[in-house]
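This report refers to the structure that appears directly beneath it.
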Amino acid sequence: MAAEVISAAGRPVELFDAMPSVGRKFLLAGRGGLNLTHAESGDRFLSRYGARREQVGKWLESFGPEHLRRWAGELGIETFVGSSGRVFPREMKAAPLLRAWLHRLRAAGVTIHARHRWLGWDAYGALRFATPNGESKVIRSGIPGDGAGATVLALGGGSWARLGSDGAWVPLLRERGIAVAALRPANCGFDVAWTEHLRNRFAGTPVKSVAVGFVSPDGAVTKREGEFLVTRDGIEGSLIYALSAPLRDCIEATGSALLQVDLAPGRTLRRLTEDLAHPRGRDSLANHLRRRAGIDGVKAALVHEFATPDQLATSETLAALIKALPIRLLAPRPLDEAISSAGGIEFGEVDENMMLRALPGTFCAGEMLDWEAPTGGYLLTACIAGGRAAGLGVLRWLAGQDATSGR
């Protein structure tokens, strides 16, 4: 997006990508339909960026969800709003949008160099790249018309290393005195100490129509409804991703996080207690749970996974367990498994133009900055809006350079 903004102003742009082709993580995002953005109200949309609401909000002021939809439309990609409020391309694919976008960039004169992995700077400030033909360099003089007048770094976070986002840039910037917060998993799954029975029998099974609650160490209460997936190592899925930031932070602060799962959100505790209080007769507990509470399969397995004999003894204690099943999360899954990452360059290191204060003429955009957001279109919207903001910052910088040099 930065390349688009800069080239549209008539400036020459060279775009370097470490991978054999550009936009590979963008294409991966499209495997689920390419959730471009979200149609919810502006204030609620901004709330998704948590502590970085103010900083990300500046990017979105001039390029928010509606601007993004119009931009896609200009590329010939019609979008629609799904039942959840999420916005998708009509074709539910990323490839047509990426093809149209790249065609427009090339038509604007953007030169794309694939298989060029950035290695940092040499002793004279030139940009170093590893290529199939060995190392190459691009002069960074900072003087318009003499090498690269400005550089935009958009190197991603630390998730999905095989698509290029490997965080290898972190030490390169720290060596230059840039403060970089540790990269951490975001929109991720979590480890749970399952028994072998549950792991072997139910790994890969979705747990549907549930509600989860979490109380953070500071007393904040968060609740969500939806579904999650039991894995061999723990749990993951959209419902868990939505809570991943506070859950991760709690684990870092206290060593674990306690998730309370309501396996019967459609019934009150009183109603469920009354239903379970019906005489069992010759029914086994499994049949009683299935007939009276709709609890069977993986839900029944989860009840037995965490229940004590005393909790199974009465309808009151059993109902209370079903309505607030405690699942202790031990650790987030590894960073490279996460959908996205938190951490990155601290915002105090960049100015209002997204230029590094310590490295004039070098700008940053995307996940390499210290912000995060849940899935639902919020990540892509902010990345694209942030790229645009960085591109505009480059144009302002170059205009100032031109004025200084008398051009």
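All of the numbers you see were taken from the coordinates with simple rules; none came from a lab. Remember, it's a predicted structure, so these values are computed and weren't measured experimentally. Here Cβ is always computed from backbone atoms with ideal geometry, including for glycine, and neighbour counts include all displayed protein chains.
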Cα-based Lys pair tally, the chain, threshold under 20 Å, eight or more apart or on separate chains: 7
Given q = 0.06, 0.11, 0.14 Å⁻¹, what are the Debye log10 I(q)/I(0) values for the chain, with equal point scatterers placed on the Cα positions and solvent ignored? -0.31, -0.86, -1.23
Selected from Ala51, Leu27, Ile112, residue furthest toward positive end of dipole (the chain; charges at beta carbon): Leu27
Sorting check: for 246-258, 158-170, which peptide has the highest mean count of neighbouring beta carbons within 10 Å, and how do the rest follow? 158-170, 246-258
Size of electric dipole in region 190-332: Cβ of Lys, Arg +1 and of Asp, Glu -1, about Cα centre, debye, nearest 20: 580 debye
What size of dipole, in debye to the nearest 20, comes out for region 89-208 about its Cα centre when the only charges are +1 on Lys and Arg C-beta atoms and -1 on Asp and Glu C-beta atoms? 440 debye
Plugging the Cβ-Cβ distance of Ala320 and Ala95 into 1/(1 + (r/R0)^6) at R0 = 51 Å yields, to the nearest 0.05, a FRET efficiency of 0.55
Mind putting a number on the dipole of the chain about its Cα centre? Charges go on the C-beta only, +1 for Lys and Arg and -1 for Asp and Glu, and I need it in Debye to the nearest 20. 940 debye
Compute the relative contact order of the chain as a whole-number percentage, counting only Cα pairs closer than 8 Å that sit 6 or more residues apart in sequence. 22 percent
Going toward the positive end of the dipole of region 272-383, with +1 on Lys and Arg Cβ and -1 on Asp and Glu Cβ, which of Pro334, Thr317, Leu276 do you reach last? Leu276
Calculated [θ] (222 nm, deg cm²/dmol) that DSSP helices of n ≥ 4 give over the chain, each run adding -39,500 (n - 2.57): -10000 deg cm²/dmol
Once you compute Rg and the Kirkwood Rh from C-alpha atoms, what is the Rg to Rh ratio for region 190-332? 0.97
